[in-house]
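The values are calculated or read from the model by the stated rules, or taken from the named source; none is laboratory data. As the structure is a prediction and not an experimental result, all values here were calculated from the model. Note that we place each Cβ from the backbone using ideal geometry, even for glycine, and neighbour counts take in every protein chain shown.
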Amino acid sequence: MVMPTENFLRLAQARDDLLLQRSAWADEHEFMIAQKLRDEAIAIIEDGTRDWAFESWRTKEHAGGRRYESDVIARAAYAASRMPQVSVLFARSDSCYAELVSDVWDAERDARKYTGSNPVVCHPPCRAWGRLRHLAKPRPDEKALALFAVEQIRRVGGVLEHPMGSTLWHEANLPLPGHGVDQWGGFSVLVEQGWWGHAAPKPTYLYICGVSRSALPPFPVQLRRAAGKTLELSPADRERTPPAFARYLVGVAAQCSAPAQCYSDLAAVTSAGGGNSELDAVTSGQGRSNTDLAAVTCSGRVKRAPGKRAAFAAFARLM
């Protein structure tokens with residue numbers, strides 16, 4: 001099967017030409033008919049392109065000795081192969097993550113058994129850590145799940161989500177938003193899930209390891225906050241991750257690599273300089289951005305002001 005590249009490009013050019021020449025069409029109805037025909041033609045070509053990609057993948061699978069019992073199973077395997085290589089831990093059984101990644105760990109699967117190497121998105125239970133923890137009735141082992149999630153983030157990279165004010169940040173010694181990076185290169189940001197469509201603003205901490213702060217996709221900040229109130233929502237609606245937010249988190253995790261790999265140079269600098277002087281210099285009292293705060297140089301010296309920012313910019317390229 002030959003990929004219809006030329007046809008696709010020709011139709012794409014026709015689409016652009018049609019839109020540019022809209023003002024030349026004397027009859028609006030005639031233009032709408034032409035536009036519909038154009039869209040239908042492009043849909044046919046795109047379907048053919050997808051079929052070509054699937055058949056090419058299946059041919060490679062057969063060449064590698066992997067065969068599937070049916071076309072449905074083969075297409076499911078193909079779809080899974082195109083998903084980001086990200087694992088989601090502590091997901092709700094009805095979450096949208098099953099449509100985004102192929103490796104989702106809910107309560108039934110038990111995320112504590114995860115030993116993989118994919119970067120992770122973690123949603124550990126938060127009721128034992130939140131501001132209303134004195135009213136919660138968590139299971140005896142529930143609080144430990146969040147600590148396990150922190151271990152996985154620091155082992156393979158990824159992002160952990162918890163409500164703003166979570167005491168997990170103090171317990172696990174996670175840096176607060178704007179307070180620099182830790183020895184794993186992890187940093188925190190404060191977002192609102194309402195930016196991604198949650199009914200309530202729901203301020204949220206994200207702890208991220210394995211990618212630089214400057215490499216994060218932009219936040220869809222909204223000037224008008226979501227109108228709902230978290231406590232007025234049902235427990236399921238409070239917990240459920242908005243699909244757009246889930247896609248964002250998966251996108252962040254997909255960029256992450258194991259912190260141990262990202263920060264091998266940092267370990268060398270620390271050992272050469274003696275102790276954690278570079279990291280000790282990143283303090284909450286400095287009150288600056290992450291770019292200002294994390295300053296590490298090859299000689300182990302901490303620089304100030306513009307030199308400090310340049311040092312971190314050079315170091316961030318390692319991530």
| remark: For the stretch 168-183, pairs from a residue that is among the small types (G, A, S) to a residue that is in a loop (DSSP other than H, G, I, E, B) and surrounded by 15 or more Cβ atoms within 10 Å (Cβ to Cβ), with Cβ under 6 Å and 6 or more apart or across chains, are G180/V282; G180/A294
| Residues of the stretch 160-171 that turn out to be surrounded by 20 or more Cβ atoms within 10 Å (Cβ to Cβ) and assigned to a loop (DSSP other than H, G, I, E, B), as a count | 1
| message | So L174 ticks every box in (1) over 23 Å from the mean Cα position of the chain (by Cα); (2) over 27 Å from C96 (Cα atoms) but one. Which box is left unticked? | response | (1)
| query | (1) buried (at least 20 other Cβ atoms within 10 Å of the Cβ); (2) at pLDDT 95 or above: which one isn't true of L206, the others all being true? | reply | (1)
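So that you can scan it fast, the table gives a plain yes or no per residue for (1) at pLDDT below 90; (2) over 22 Å from the mean Cα position of the chain (by Cα); (3) not in a loop (DSSP other than H, G, I, E, B):
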position: W195; (1), (2), (3): no, no, yes
position: V211; (1), (2), (3): no, no, no
position: R224; (1), (2), (3): yes, yes, no
position: T241; (1), (2), (3): no, no, no
position: A246; (1), (2), (3): no, no, yes
position: A260; (1), (2), (3): yes, no, yes
position: A272; (1), (2), (3): yes, yes, yes
position: V282; (1), (2), (3): yes, yes, no
position: T291; (1), (2), (3): yes, no, yes
| said: One residue is enough: does the stretch 157-166 have a residue meeting the conditions modelled with pLDDT of 95 or more and hydrophobic (A, V, I, L, M, F, W, C)? | reply: yes
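May I ask you to list the residues in the stretch 119-133 that are basic (K, R) and either outside any loop (DSSP other than H, G, I, E, B) or at pLDDT 90 or above (or both)?
Residues of the stretch 119-133 that are basic (K, R), as a first pass: 127, 131, 133.
Selection gives R133 alone.
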| message | So if I check each of A199, A226, which one is touching a Gly at 6+ places or on another chain (Cβ under 9 Å) and within 20 Å of C96 (Cα to Cα)? | response | A199
| What are the pairs, 6+ residues apart or on separate chains, where a residue within the stretch 220-235 that is surrounded by 10 or more Cβ atoms within 10 Å (Cβ to Cβ) has its Cβ under 9 Å from a residue that is hydroxyl-bearing (S, T, Y) and at pLDDT 85 or above? | P220/Y248
| said: Take the residues in the stretch 119-146 that are free of Cβ contacts under 8 Å to residues at least 12 places away in the same chain and either closer than 20 Å to V88 by Cα or of a type in the set (D, E, K, R) (or both); name whichever of them is surrounded by the fewest Cβ atoms within 10 Å (Cβ to Cβ). | reply: K137
